[in-house]
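Heads up, the thing below is written out as C-alpha cells.
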Amino acid sequence: MMKAIVYTEYGPPEVLQLKEVETPAPGDKEVLIRIRAISVNVGDVWARNFKAISPRKFSMPLPLWLPVRMMFGFSNPKINILGSEFAGDVEAVGRDVRHFRAGDPVFGYRGPNMGANAEYLCMSADGLVAIKPASMSYEQAATVPYGALTALSLLRKVNLQPGQKVLINGASGAIGSAAVQLAKYFGVDVTGVCSTPGLETVKALGADRVIDYTREDFTRNGETYDLIFDIMGRSSFSRCKGSLRPDGRYLLASFKTHHLFQMLWTSLTGGRKVVCALSSERPQDLVFIRELAEAGKIKSIVDRRYPLEQAAEAHRYFESGDKKGKVILTVGL
Ligand SMILES: NC(=O)c1ccc[n+]([C@@H]2O[C@H](COP(=O)([O-])OP(=O)(O)OC[C@H]3O[C@@H](n4cnc5c(N)ncnc54)[C@H](OP(=O)(O)O)[C@@H]3O)[C@@H](O)[C@H]2O)c1
C-alpha cells in the first residue's frame, strides 16, 4: 500500500484527502517511479473543482467542454489522484524496458492522466519521462516538464527568429515562465506581463522588461511586437492589433471558438495572424528540455514547498493569487 492524495468529489481544497491505496505494479513496458516532488498547476486546481467550470469559464472552444467534462467525470471525478508533473526515482522496470534502470532519477509529465500526487506512479517507459536534469533538485525538476513542453510545442508553431520582439501575457505562470526562457534561448527580446507578485520572478527568468497588468495596459504604450503570446487569452486580437508589427502573430494557448474563426479569417488575408494550437508533447522534447536545464537555459523558481499530506494547503496557496513562483508537493524529502 502507498500514501496518495485522493479526491472523490469535486470541490474546495478540503476534498483532497490523504489515503492509503494500492501501490501500482508496472506492466512489461512500464516503469514504477518513486515520486519525490510534484508541482501544483492550474490543471490540478481546475480538475479538483471541474463542476465549477461552466462552459463560459472553460478555457477551450465550447464544443470541447462536454467531452472534457465527461472525460474528467460529469458529477464526480473519474480520476481520483491529481498531479501531472513530477520528479522521482525509478523503483522498478517492466521486463521489456531497456532504457531505464532501477535507481535512475527521472522527471516527467502525465498530462490529463494525472496520478502523481502519490508515493508511487506507473507510466509507459516510452511516455513523457526522461532522466532528470543533473543540475536540478527533485523539487526544481518537478516544475519543468508541463510548462516547458507546452511552451516549446506552441512556440514552434510561430518559428521565432533571433532579434525579434515578443510579448508574453501571463509570463509568471507555468507555460509563460517557460516561454520567457525558451524565447530568450531563441535569441529574441522578451517583455513579460503578469501581476505585481510575479514581476521579480519573470525578471529573474531573463525577461528584458516586465509589465504589471494591474497598473499598465500593454496595448497602450506604443510598443510593437513580432509575437504576442497570450497564455490565458485575457487580451483580445482587436485590442492587440495595434501592438503587432505588420507581419506579427497573436498566439493563444487558451482559446475559444471565436479565436478559431479569427485564425481562419487571418490565414486567408495578409498581415497580422491569429494562431491557436493544441500542444503536442514528444518524449524527445523532454530530453531537449533536460539539456537546456543542464546548460542553465531553463531555471526553476520554487516559491513554496508543502509535504504531500498538505496538498489542500498547497492548492489554497496556489489559488490565493499571491504566489511568486512554483508551488511544490514533496514526498519524503
Ligand atoms: N494550447 C494548449 O495545448 C494548452 C496546453 C496546456 C494548457 N493550456 C492552457 O494554458 C492555460 C494555463 O496556463 P498556465 O498553466 O501557464 O497557467 P498559470 O500557471 O495559472 O499562469 C497563468 C498566467 O496568466 C497570468 N494572468 C492571469 N490573469 C491575467 C490577466 N488578466 N492578464 C494577463 N495575465 C494574466 C498569471 O499572472 P498572475 O498570476 O500574476 O495573475 C500567470 O502568469 C489554460 O488556459 C490552459 O487551458 C493550453
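Each row is one residue, and each column tells you yes or no for (1) within 16 Å of the ligand (Cβ to nearest atom); (2) open to solvent by less than 80 Å² (accessible area, probe 1.4 Å).
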| site | (1), (2) |
| --- | --- |
| VAL274 | yes, yes |
| ALA277 | yes, yes |
| GLU281 | yes, yes |
| GLN284 | no, no |
| ALA293 | no, yes |
| ALA314 | yes, yes |
| TYR317 | yes, yes |
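May I ask you to list the residues in the stretch 259-268 that are open to solvent by 50 Å² or more (accessible area, probe 1.4 Å) and more than 23 Å from the chain's Cα centre (by Cα)? If the condition is that a residue be open to solvent by 50 Å² or more (accessible area, probe 1.4 Å) and more than 23 Å from the chain's Cα centre (by Cα), then PHE261, GLN262, MET263, LEU264, TRP265, SER267, LEU268 are the ones that fit. In the stretch 248-258, of all residues being buried (at least 21 other Cβ atoms within 10 Å of the Cβ), within 23 Å of VAL42 (Cβ to Cβ) and of a type outside the set (Gly, Ala, Ser), the one that is farthest from the ligand (Cβ to nearest atom) corresponds to TYR250. Residues of the stretch 222-247 that are open to solvent by 60 Å² or more (accessible area, probe 1.4 Å), more than 11 Å from the ligand (Cβ to nearest atom) and out of contact with any helix residue (DSSP H, G or I) (no Cβ under 7 Å at 6 or more places or on another chain): GLY222, SER238, LYS241, ARG245, PRO246, ASP247. Answer with yes or no whether ILE38 is within 16 Å of the ligand (Cβ to nearest atom), among the β-branched types (Val, Ile, Thr) and open to solvent by 20 Å² or more (accessible area, probe 1.4 Å). For ILE38, the condition - within 16 Å of the ligand (Cβ to nearest atom), among the β-branched types (Val, Ile, Thr) and open to solvent by 20 Å² or more (accessible area, probe 1.4 Å) - is not met. For the stretch 108-120: of the residues being assigned to a strand (DSSP E or B) and over 25 Å from ALA151 (Cα atoms), which is most open to solvent (accessible area, probe 1.4 Å)? Ranking the candidates gives TYR120 first. Might you check whether a residue that is within 16 Å of the chain's Cα centre (by Cα), open to solvent by less than 30 Å² (accessible area, probe 1.4 Å), at pLDDT 95 or above and at negative phi occurs anywhere in the stretch 97-107? For the stretch 97-107, residues within 16 Å of the chain's Cα centre (by Cα), open to solvent by less than 30 Å² (accessible area, probe 1.4 Å), at pLDDT 95 or above and at negative phi: present. Quick check on VAL190: is it among the β-branched types (Val, Ile, Thr) and closer than 16 Å to SER279 by Cβ? No; evaluated as a whole, the condition is false for this residue. Regarding ALA52, is this residue under 26 Å from SER320 (Cα atoms), open to solvent by 10 Å² or more (accessible area, probe 1.4 Å) and in contact with a helix residue (DSSP H, G or I) (Cβ under 9 Å, 6 or more places away or on another chain)? Yes: the conditions hold for ALA52. The set of residues in the stretch 174-196 that are hydroxyl-bearing (Ser, Thr, Tyr) and touching a Ser or Thr at 6+ places or on another chain (Cβ under 9 Å) comprises SER177, SER195, THR196. THR201 falls short on exactly one of the conditions (1) within 11 Å of the ligand (Cβ to nearest atom); (2) within 25 Å of PHE255 (Cα to Cα); (3) in a helix (DSSP H, G or I); (4) not small (Gly, Ala, Ser), and that condition is (2).
Exactly one residue among LEU160, LEU152 is assigned to a loop (DSSP other than H, G, I, E, B), touching a residue at least 60 places away in the same chain (Cβ under 8 Å) and either out of contact with any strand residue (DSSP E or B) (no Cβ under 6 Å at 6 or more places or on another chain) or open to solvent by 20 Å² or more (accessible area, probe 1.4 Å) (or both), and that residue is LEU160. Only one of the numbered conditions (1) of a type outside the set (Phe, Trp, Tyr); (2) at pLDDT 95 or above; (3) buried (at least 17 other Cβ atoms within 10 Å of the Cβ) is violated by LYS323, and that is (2).
Every test in (1) of a type in the set (D, E, K, R); (2) more than 23 Å from ASN113 (Cβ to Cβ); (3) open to solvent by less than 30 Å² (accessible area, probe 1.4 Å); (4) more than 8 Å from the ligand (Cβ to nearest atom) is passed by LYS132 save one, and that test is (2).
The values are calculated or read from the model by the stated rules, or taken from the named source; none is laboratory data. Everything numeric in this text was worked out from a predicted model, so none of it was measured. Every residue, glycine among them, receives a Cβ derived from its backbone with ideal geometry; neighbour counts consider all protein chains shown. Surface areas here come from the heavy atoms of the whole protein model, side chains and all, with no ligands, DNA or RNA. Shrake-Rupley method; radii C 1.70, N 1.55, O 1.52, S 1.80 Å.
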